[in-house]
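Structure record follows, encoded as structure tokens.
The values are calculated or read from the model by the stated rules, or taken from the named source; none is laboratory data. As the structure is a computational prediction, the values presented were derived from the model and not from experiment. Note that we place each Cβ from the backbone using ideal geometry, even for glycine, and neighbour counts take in every protein chain shown.
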Number of protein chains: 2
Amino acid sequence: MSPQSSPAYPLIRKLESIYNLSSAEYEALMALPILARSIRPDQDIARDHDRPSQCCILLDGLLYRYKLLEEGKRQIFSFHISGDIPDLQSLHLQVMDHNIGTVVSSVVAFVPHETMNRLIDDHPRIRNALWRDTLIEAAVFREWMAGLGRREAYGRISHFICELFVRYQAIGLANGYKVELPLTQEKMGDALGLSTVHVNRTLQAMRTDGLIRWYRGHLNITDWSGLKKAGAFDATYLHLRH
Amino acid sequence: MSPQSSPAYPLIRKLESIYNLSSAEYEALMALPILARSIRPDQDIARDHDRPSQCCILLDGLLYRYKLLEEGKRQIFSFHISGDIPDLQSLHLQVMDHNIGTVVSSVVAFVPHETMNRLIDDHPRIRNALWRDTLIEAAVFREWMAGLGRREAYGRISHFICELFVRYQAIGLANGYKVELPLTQEKMGDALGLSTVHVNRTLQAMRTDGLIRWYRGHLNITDWSGLKKAGAFDATYLHLRH
DNA sequence: CGGAATATTGATTAACGTCAAGGCTCGTGG
DNA sequence: CCACGAGCCTTGACGTTAATCAATATTCCG
């Protein structure tokens, strides 16, 4: 079987983007018992106050984490792409403090905590890679906080697009300056602390300025350096290897 | 030597607030070679782009983490109290992506990464406690994101005060409903994504409403249930043991 | 005591939210 | 193949929150 066809390949590709795996570790990940499962759009995978007994590895699709607040408001904390384990934290935090759901139809694998713990006990460097991953996630949260607290809509959206693009690129899922990003403007607003209307108007301004094209979930960055500049984007906080 | 007088006591007390330590682990922490060092107010302990070779354990005082943005703006990501290890992440992320500084005169201990790694290799459950701590930190970031993105100033500040109070309480540093909180309104603004002026006016409204008193760094919560309600505060995300 | 940092106040403005309506797109079923 | 409806996008008018600007108090601290 070629590596790319292994069900664990997305996870391996993701971990390699942030950590240098040995061949033994590579093999151990390939050997993970993975049962792929398809989930429809807009389904919750884990809910606030749940006590998960397994982790969810995203193999293909798009997930998001969010919390519902008072008065029907929603804050989205992150989007997760192929290879991510959005509820890795449940290994150490028994109770979920937010929800995880699908944005579009997605393929995931559920791996029992037991199995994950055996894997990282047998392979301490994989544990390091996963701990590192959770720390990078925290770094991304911080960067979003900076956007939410101190950047205006135009820069905030620009930065957001830069980040997603670089993350797709890091796992080889960008096609030049194009990525598939099937987000509604409503979800972007809930991630960026903006109203749908304002997201809409700001995206239009960005199109007018020639930074991006975005049509039916196909994002095309037409002025990468302009976009980076508008978002004051510096990828250091993603702690990628390359 | 009584436990309380051990230099590692603040760290132990903090870890016990989120994790059940065995007596062997307790002993191991007590045995950490800790050299306390005093640092003056407004000094940076670690800087953006640094490559730390040690972790900083806060024994007494108040630290904060922040990033400087374009146009002289600043976002504060967290405040750290006695027992916290704000740069624990440097064990797995080589490069700092933000700054850590003192708010007031503080006592810290610098422990080499080497020493920390030996400790957690010898005591896997201490590693679990520390990993858990970094995950709780991420949960706190998420909660702040929700505030920054979707809560108005009054609720945002209320929530912030609730959180700090509960954290002080968890390590036994609250005196009834009073805590020492030597924050300027400018720092609160930079943490909460608000201008100093607006923080000032909102605090006045909260005082008028009888929620708090706050004078020269002495915070007194005069209506705890009202404050919780105003901030829609639910401590689940702090993942405390009690 | 004097200067710097911090808190407070008022007036004005900018950014963004809300409300409401209409248009586009796509999947579904007849 | 076309009609229909739901979800999403777009637009305009208006309202609100909070930023900015500019003073003036007050406190802190050597």
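Quickly run through region B:213-230 and pick out the residues that are more than 13 Å from DNA strand D (Cβ to nearest atom) and of a type in the set (Phe, Trp, Tyr).
Here is the first cut: in region B:213-230, the residues more than 13 Å from DNA strand D (Cβ to nearest atom) are B:213, B:219-229.
Across region B:213-230, the qualifying residue is only B:Trp224.
Name every residue in region B:86-130 that is over 12 Å from B:Ile45 (Cα atoms) and among the hydrophobic types (A, V, I, L, M, F, W, C), in order of residue number.
B:Leu88, B:Leu91, B:Leu93, B:Val95, B:Val104, B:Val111, B:Met116, B:Leu119, B:Ile120, B:Ile126, B:Ala129, B:Leu130 - these are the residues of region B:86-130 that are over 12 Å from B:Ile45 (Cα atoms) and among the hydrophobic types (A, V, I, L, M, F, W, C).
Out of (1) within 14 Å of the chain's Cα centre (by Cα); (2) surrounded by fewer than 20 Cβ atoms within 10 Å (Cβ to Cβ), what's the single condition that is false for A:Arg167?
Checking A:Arg167 against (1) within 14 Å of the chain's Cα centre (by Cα); (2) surrounded by fewer than 20 Cβ atoms within 10 Å (Cβ to Cβ), the one that fails is (2).
Quick check on this structure: which one of A:His80, A:His159, A:His92 is more than 30 Å from A:Arg51 (Cβ to Cβ) and crowded, with 20+ Cβ neighbours inside 10 Å? Before you say what the answer is, go through the steps one by one.
Values: A:His80 fails: more than 30 Å from A:Arg51 (Cβ to Cβ); A:His92 fails: more than 30 Å from A:Arg51 (Cβ to Cβ).
Only one candidate qualifies: A:His159.
Results for (1) among the basic types (Lys, Arg); (2) closer than 22 Å to A:Gln185 by Cα; (3) not assigned by TED's automatic domain parsing to the domain that holds A:Lys73, shown as yes or no for each residue.
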{"position": "A:Val197", "(1), (2), (3)": "no, yes, yes"}
{"position": "A:Arg201", "(1), (2), (3)": "yes, yes, yes"}
{"position": "A:Gln204", "(1), (2), (3)": "no, yes, yes"}
{"position": "A:Arg207", "(1), (2), (3)": "yes, yes, yes"}
{"position": "A:Arg213", "(1), (2), (3)": "yes, yes, yes"}
{"position": "A:Leu219", "(1), (2), (3)": "no, yes, yes"}
{"position": "A:Ser225", "(1), (2), (3)": "no, no, yes"}
{"position": "A:Ala230", "(1), (2), (3)": "no, yes, yes"}
{"position": "A:Phe233", "(1), (2), (3)": "no, yes, yes"}
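For region B:122-156, which positions are over 30 Å from B:Leu21 (Cβ atoms) and surrounded by fewer than 22 Cβ atoms within 10 Å (Cβ to Cβ)?
B:Arg150, B:Glu152, B:Ala153, B:Tyr154, B:Gly155
Across region A:186-197, which residue is farthest from DNA strand C (Cβ to nearest atom) among those that are within 14 Å of chain B (Cβ to nearest Cβ) and surrounded by fewer than 16 Cβ atoms within 10 Å (Cβ to Cβ)? Please lay out each step first, then the result.
Let us first name the residues in region A:186-197 that are within 14 Å of chain B (Cβ to nearest Cβ), namely A:186-196.
So of that shortlist, the ones also surrounded by fewer than 16 Cβ atoms within 10 Å (Cβ to Cβ) come out as A:186, A:195-196.
On the way: A:Glu186: 11, A:Ser195: 4, A:Thr196: 7 Å.
Filtering first and then ranking leaves A:Glu186.
Among what's in region B:131-170 and is free of Cβ contacts under 8 Å to residues at least 24 places away in the same chain and more than 8 Å from chain A (Cβ to nearest Cβ), pick the residue that is nearest to B:Gly83 (Cα to Cα).
Per the criteria, the residue is B:Gln169.
Whether any residue in region B:198-212 is within 14 Å of another protein chain (Cβ to nearest Cβ), crowded, with 17+ Cβ neighbours inside 10 Å and either under 18 Å from the mean Cα position of the chain (by Cα) or more than 12 Å from DNA strand D (Cβ to nearest atom) (or both) is what I want to check.
no
A:Arg241 fails exactly one of the following numbered conditions: (1) in contact with a Ser or Thr (Cβ under 8 Å, 6 or more places away or on another chain); (2) under 15 Å from A:His159 (Cβ atoms); (3) exposed (fewer than 14 other Cβ atoms within 10 Å of the Cβ). What is the number of that condition?
(2)
Looking at this structure, is A:Val111 more than 15 Å from DNA strand C (Cβ to nearest atom) and more than 9 Å from every other protein chain (Cβ to nearest Cβ)?
Yes: the conditions hold for A:Val111.
Would you confirm whether any residue within region B:177-185 is among the basic types (Lys, Arg), without any contact (Cβ under 8 Å) to a residue 60 or more places away in the chain and within 8 Å of another protein chain (Cβ to nearest Cβ)? Walk me through how you get there before you give the answer.
So in region B:177-185, the residues among the basic types (Lys, Arg) come out as B:178.
Filter once more, keeping what is without any contact (Cβ under 8 Å) to a residue 60 or more places away in the chain: B:178.
Those still in the list that are within 8 Å of another protein chain (Cβ to nearest Cβ) too: none.
No - not one qualifying residue is present in region B:177-185.
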